[in-house]
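Everything on this sheet refers to the single structure shown next.
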Amino acid sequence: MHPNPAYRTADAQTNIDFARERGFGVLAVAADDGAPNLSHVPFLLSDDGASADLHLVRSNPIARGATPRPARIAVSGPDSYISPDWYGLVDQVPTWNYIAVHLTGVLERRPQDELRDILDRESAFFESRLLPKTPWRADKMDGDALDRMMRMIVPYRLRIEAVDGTWKLNQNKPDDARLGAADHVEASGIGAETASLAALMRAADGQGG
């Protein structure tokens, strides 16, 4: 997380809501040799934000390790390069604006008989955002084919102990500088979801997004 407190004033609920909406992040778990194992995973937050359910392929190195063990999911949002010329101020330096939320806690493997429920809830969450499309359901699959696929994956739960967020949106700059940079961000196309980032920069008021 960025150490500047100006970028870390979003409250816990704002960070949880952001992570829930994204529903995808990088799971990091320390291997036995101390090196980090990383896996890009969809996840489903509980209603209270206290846990995240997910699944891993059995061949994933994380799935081959013992649990419970400390873990973190890093959730990234829109981001973009910021040129110092865009501020209209002297003595500025290049930087990168972004949103990121970290969910830190303890990863535990769940009983295999919980897998179908996790998959059903996860698909229902994302399919609901595609309405009026008729939601896809696992029972549309041949039962044997579904069973074969489910044998290849295992369910996990991250018990969340800390939620931290960085909303780096030029809150520490004068309004004119921040708004000018937002216009350039939207036009530049450097980064990801630059239009969304520009909108958040325009809405920022020095209160962390």
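Both the radius of gyration and Dmax for region 73-179 are 21.7, 66 Å, in that order, over alpha-carbon atoms. Run the dipole for region 92-169 about the Cα centre, Lys and Arg Cβ at +1, Asp and Glu Cβ at -1, nothing else charged, and hand back the magnitude in debye, nearest 20. With only Lys, Arg, Asp and Glu charged at Cβ, the dipole is about 240 debye. Candidate values [x] 29, 19, 15; [y] 35, 32, 17; [z] 37, 20, 14 were compared with semi-axes √(5λ) of the Cα gyration tensor in Å computed on the shown model; the agreeing label is [z]. For region 65-107, would you read off the P(r) tail past 15 Å as a percentage of all alpha carbon pairs? Roughly 61 percent, once rounded to a whole number. Based on protein heavy atoms only, region 21-101 ends up with 50 Å² per residue of surface accessible to a 1.4 Å probe. Basic side chains Lys and Arg get +1 at the Cβ, acidic Asp and Glu get -1 at the Cβ, and with that the dipole of the chain about its Cα centre reaches some 500 debye. Take every Cα pair under 8 Å whose residues are at least 6 apart in sequence, average their separation, divide by the length of region 32-106, and the relative contact order is 26 percent. The magnitude of the dipole of region 127-208, with charges of +1 and -1 set on the Cβ of Lys/Arg and Asp/Glu and taken from the Cα centre, is near 260 debye. The alpha carbon convex hull volume per residue for region 7-74 rounds to 104 Å³.
Out of GLY65, ALA28, HIS2, whose Cα points farthest toward the positive end of the dipole of region 1-130 (charges: +1 Lys, Arg; -1 Asp, Glu; placed on Cβ)? Ranked along the dipole, the leading option is GLY65. Note on region 66-209: dipole from Cβ charges, positive end direction compared against TYR98, ASN172, ILE153; the farthest Cα belongs to ILE153. Applying Stokes-Einstein at 20 °C and 1.002 mPa s to the Kirkwood radius of region 115-156, computed over alpha-carbon pairs, gives a translational diffusion coefficient of 192 µm² s⁻¹.
In region 1-123, the inverse of the mean reciprocal separation of distinct Cα atoms equals 16.6 Å; this is its Kirkwood hydrodynamic radius. If I compute solvent accessible area with a 1.4 Å probe over the protein chains, what percent of it on region 16-77 is carbon and sulfur? Here carbon and sulfur together make up 54 percent of the probe-accessible area. Considering only C-alpha atoms, what is the centroid distance from region 96-144 to region 1-62, in Å? Between the Cα centre of region 96-144 and that of region 1-62, the gap is 14 Å.
The values are calculated or read from the model by the stated rules, or taken from the named source; none is laboratory data. Since the structure is predicted, the reported quantities are computational estimates derived from the model, not experimental observations. All Cβ positions, glycine included, derive from the backbone under ideal geometry; neighbour counts span all protein chains shown. The accessibility values were calculated without ligands, DNA or RNA, using every heavy atom of the protein model including side chains. Shrake-Rupley method; radii C 1.70, N 1.55, O 1.52, S 1.80 Å.
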